[in-house]
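Reviewing the structure listed below.
Bear in mind these aren't lab numbers, they're just calculated from the coordinates by the rules spelled out. Computed from a predicted model, the values in this text were never measured in an experiment. Note: ideal-geometry Cβ built from the backbone for every residue, glycine included; neighbour counts use all protein chains shown.
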Amino acid sequence: MARPPKLELPLRDGVAASALACPPGPWPLVLDFLAERLPLVTREDWATRMARGDVLDDAGAALSPGAPYRAQRRLYYWRWLADEPEVPFASRILHRDEHLLVADKPHFLPVTPKGRYVRQTLLTRLRRETGIADLSPVHRLDRETAGLTLFSVQAASRDAYQRLFRDREVEKVYEAIAPWRDEVGARLPLAYASRLEEHPVDFMQMRTVDGEPNALTRIALIERLGADRARYELRPHSGVKHQLRAQLCALGLPIAGDRIYPVLQPVEEVVDFTRPLQLLAREIAFVDPISGQPRRFVTSLRLDGTSAGG
């Protein structure tokens, strides 16, 4: 028997409901299934959530801790983490219309829920602020990077905006603070092309290898910051993972505050918010696929080289 279509459930504190399919299996209770399938939440915690009405069946009815398990249906629940780190910097909406929302993301704030972050993400904050359940990111920024992020407001026009990024029809401008080296500075402005691939051991890193270039960035000097640092303008013409961070590191200019390049550092149990990655998504421009009009957005944030700037 086919399962009914997914329910459209309201946001709870900006968090959308997650759906979980129920396969055939030996579980007597829904609680048994949840405890085994999603073990990062304890059985006791699942029982508390169910008693509170936070787990629903595919008709939208709350399931008690004693509810029997039935296969071939969906369960719905809202993710939350009791020990989620709080990111102490504000996000800001710069533009909103019926199709598009543009926001400034501070350093350290993930764009979407993942791992140890659910409520402390830009998507959840914006859903809570606007009440728009269909809000969805059109592209991504690393958690460590600050600046402009675009969101689709409605599903019907989402692919049109995502296609701009897939087809590389978006002009993106970044800023970074990194070391100054005379031998590199003498070559600026520079169109730097290289081939980047995932590191075979440290999967978080990208590495430069021989072969046809797949990453191109135009690098220019904005200003010197004393004898040993500078502010650079970066214009990527491709979208390879960690492109800006990896390419500047390959030039001997690792971005200030980078915990991945040149040396991958352990995940911080307690985040040091005083040492952000000095990388900022400063500008974004494109021809709007719905209106046909040119669009350009500029961040309200600024790198200062010493604080989070967000």
Residue-ordered couplings for segment 6-15, obtained by feeding phi - 60° into the Karplus form 6.51 cos²θ - 1.76 cosθ + 1.60 and rounding to whole Hz (Gly and Pro as x), are 4, 6, 9, 9, x, 5, 10, 6, x, 9
Go ahead and run the numbers for FRET between ASN214 and ARG296, Cβ-Cβ distance against an R0 of 22 Å, rounding to 0.05. 0.20
Excluding same-chain residues fewer than 8 positions from LYS241, which aspartates and glutamates have a Cα within less than 12 Å of its Cα? ASP142, GLU197, GLU198
Please order THR145, THR42 by the number of other Cβ within 10 Å, starting at the fewest. THR42, THR145
Size-normalised alpha-carbon gyration radius of segment 104-153, reference 2.2 N^0.38 Å: 1.02
Ratio of the chain's C-alpha Rg to 2.2 N^0.38 Å, to two decimals? 1.15
When the Karplus curve 6.51 cos²θ - 1.76 cosθ + 1.60 is applied with θ = phi - 60°, which whole-Hz ³J(HN,Hα) does each residue of segment 75-89 get, with x for Gly and Pro? 10, 10, 8, 10, 6, 7, 10, 5, 10, 5, x, 8, 8, x, 10
Identify which of ALA19, ALA178, ALA256 has the largest mean-square fluctuation in a Gaussian network model of the chain, with springs joining Cα atoms closer than 10 Å. ALA19
Mind giving me the FRET efficiency for ARG92 and THR48? R0 is 41 Å, r the Cβ-Cβ distance, nearest 0.05 is fine. 0.70
Residues whose built amide H sits under 5 Å from the amide H of GLY147, excluding neighbours closer than 5 in sequence, are LYS105, ALA281
Using a Förster distance of 41 angstrom, determine the FRET efficiency expected from the C-beta separation of ARG181 and GLU84, and round it to 0.05. 0.55
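Could you give the length gained on full extension between GLU198 and VAL267, defined as 0.36 nm per residue of separation minus the Cα-Cα distance, in nm?
Numbers: separation 69, 0.36 × 69 = 24.84 nm, distance 1.87 nm.
Full-extension gain reported as 23.0 nm.
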Built amide H within the under 5 Å cut-off of ALA178, gap 5+: ALA230, TYR232, ALA256
